[in-house]
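These notes are about the structure you will find just below.
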Amino acid sequence: MAQHSVTLYGLSTCVHCKHAREYMEKHSVLFNCVYVDRLEGEERASTLAEVRKHNPRVSFPTIVLDGGVCVLVGFKEDELSKALGVS
């Protein structure tokens, strides 16, 4: 499996975000998880602006691979496996 730069933007209360996180942990994918609902002020505003660049609907989870080379919206195990090269 190739190493990717992965950021998971999610909400701490979102079950789909939880499943995406669990999937990546199960498959030993190194990733950064940002719970947008736990941010405040300018940090929250700038993070939402970043998510909006990749996903104008600002829905969660938004999974950004390799700086935006690939963006997955929602938890779709098959698509995530393909993007990460996980079998």
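The values are calculated or read from the model by the stated rules, or taken from the named source; none is laboratory data. Just so it is clear, the model here is predicted, and its values are computed rather than measured. Please note: Cβ atoms are built from the backbone with ideal geometry, for glycine as well, and neighbour counts cover all protein chains shown. Each accessible area value is taken on the protein alone, full model and side chains, heavy atoms only, with ligands, DNA and RNA left out. Shrake-Rupley method; radii C 1.70, N 1.55, O 1.52, S 1.80 Å.
For the chain, with every protein chain kept in place, what is the accessible area per residue (1.4 Å probe, Å²)?
Working: 5290 Å² over 87 residues.
Counting only protein heavy atoms, the per-residue value for the chain is 61 Å².
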So for the chain: antiparallel DSSP bridges make up what percent, rounded to the nearest 5?
65 percent
Hydrodynamic radius by Kirkwood for the chain, inverse mean 1/r across distinct Cα pairs, in Å, is 12.9 Å
Share of carbon and sulfur in the accessible heavy-atom surface of the chain [1.4 Å probe, %]:
49 percent
Rounded to one decimal in nm, the spacing of the 7 Å Cα→Cβ label points at A45 and Q3 is 3.6 nm
Contour excess over end-to-end distance, with Cα ends at S28 and E77 and 0.36 nm allotted per residue:
16.2 nm
Once the piece of chain linking V86 and S12 is laid out straight, how much longer is it, given 0.36 nm per residue of separation minus the C-alpha distance between them?
24.1 nm
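Count the lysine pairs in the chain whose Cα atoms sit under 17 Å apart, keeping only pairs 8 or more residues apart in sequence or on different chains. Numbers along the way, then the final one.
On the way: K18/K26; K18/K76; K26/K76; K26/K82.
The number of close lysine pairs in the chain is 4.
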